[in-house]
Amino acid sequence: MILTATMAALPSAARPFVWLFNALSVLFGADAEALEEAAVLKLVEQARAGDRAARQRLYRQHVQRVFRTVRGMLRSDAEAEDVTQDAMLTALTSLDRYSPRSGTRFAAWLTTIAVNTTRRRFRRRRPELTATGELPEVADPAGDPAADLDVARQRAALLQALTELEPREREIVSLRYGSDLNATEIAAQLRMEPANVRKILERARVRLGERIEALAKSRGAAA
Amino acid sequence: MNDTELRNLWSALEPNGRQRARIETRVFEWLEASETSIAGEWLGLLKVEPLTALAYASVGAVSLLLLTPIGWIAVSLLP
């Protein structure tokens, strides 16, 4: 959407460069531009009909959302990679089962698959969140080292704060902030009352905020 | 912290470039493999690597020629 707005403001001579930049960004794995639900549904239809490019766009639209959602519930990046891979495979090979007529957004349907995949993993081996999470194994060569360090600190603080929540609270905040689901969608997934979800969400949000701020202060004092 | 701040903070949990590439490779390799039939793989091999396909076919033929008499002998030795 940002790109579309930028395109409208640019002189027509510059547009091919923007398209080129966009194509290279997709090629090298940069964030895909967020699509409206209607455009996502169109991609689903095309992917169902065997269009591989549509399937790949659908994948790129949602893979980061799945990863950041399950990462908050699991103990390591490696587990989150495995669960993301399994969830995306299940979704892409079961597109026929998705029905937008039931009022479920595609992202919510995909998140249900991701949460079920995570729970299966929990059943096999009950993991505990590590206190600090994992820092990236190797710095991203294309990234800015200072920004990478900042993100690594934020991620460590968030993962640390998440360890102090109850499993159900962790699941709810991950669905809210990782997958951007609303309380009604979360309630439908977890078979709870929306009012109950809102109550837990509010409590968890306050606790997370306080803990993260306390961690930031203690790090600031130590530095 | 409000909703927006937490949502922004959650982006710190996103996969890095290497992780994204690793997941994507595994997902699409699996999809590719599950959609390619064995016959299709053989036809692809004939098209792309005719010499390798010829080598495989030759080894198969020689194996059949050698193993058939060995099989007869083994059967005749059985009580």
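Remark: A:Ser218 falls outside the filter, which requires a residue to be at pLDDT 90 or above and in a helix (DSSP H, G or I). Taken over the stretch A:177-210, the criterion of being out of contact with any Leu (no Cβ under 6 Å at 6 or more places or on another chain) and under 18 Å from B:Ser11 (Cα atoms) is satisfied by A:Gly178, A:Ser179, A:Asp180, A:Asn182, A:Arg205, A:Leu208, A:Gly209. Restricting B:Leu31, B:Leu9 to residues that are out of contact with any Leu (no Cβ under 6 Å at 6 or more places or on another chain) and surrounded by 11 or more Cβ atoms within 10 Å (Cβ to Cβ) narrows the list to B:Leu31. Of all the residues in the stretch A:33-51, those that are among the aliphatic types (A, V, I, L, M), surrounded by 16 or more Cβ atoms within 10 Å (Cβ to Cβ) and at pLDDT 90 or above number 4.
Which residues, counting only those in the stretch B:22-77, are among the hydroxyl-bearing types (Ser, Thr, Tyr) and either in a helix (DSSP H, G or I) or over 15 Å from the mean Cα position of the chain (by Cα) (or both)? Within the stretch B:22-77, B:Thr25, B:Ser34, B:Thr52, B:Tyr56, B:Ser58, B:Ser63, B:Thr68, B:Ser76 qualify. Of all residues in the stretch A:140-163, those being within 9 Å of another protein chain (Cβ to nearest Cβ) and modelled with pLDDT under 70 number 5. Within the stretch A:195-216, the set of residues being over 15 Å from A:Arg170 (Cα atoms) and surrounded by 15 or more Cβ atoms within 10 Å (Cβ to Cβ) comprises just one member, A:Leu215. Among the residues of the stretch A:59-109, which ones are crowded, with 19+ Cβ neighbours inside 10 Å, within 13 Å of another protein chain (Cβ to nearest Cβ), in contact (Cβ under 8 Å) with a residue 40 or more places away in the chain and assigned to a helix (DSSP H, G or I)? Correct list: A:His62, A:Arg65, A:Val66, A:Arg68, A:Thr69, A:Val70, A:Arg71, A:Asp77, A:Leu92.
Selection of the stretch B:12-28 for residues being surrounded by fewer than 14 Cβ atoms within 10 Å (Cβ to Cβ) and more than 7 Å from chain A (Cβ to nearest Cβ) yields only B:Thr25. Considering (1) hydrophobic (A, V, I, L, M, F, W, C); (2) without any contact (Cβ under 8 Å) to a residue 40 or more places away in the chain; (3) at the interface with chain B (Cβ under 10 Å from one of its Cβ atoms), the lone condition that A:Val197 does not fulfil carries the number (3).
The values are calculated or read from the model by the stated rules, or taken from the named source; none is laboratory data. Nothing here was measured: the structure is a model prediction, and the numbers come from that model. Note that each Cβ is placed from the backbone with ideal geometry, even for glycine, and that neighbours are counted across all protein chains shown.
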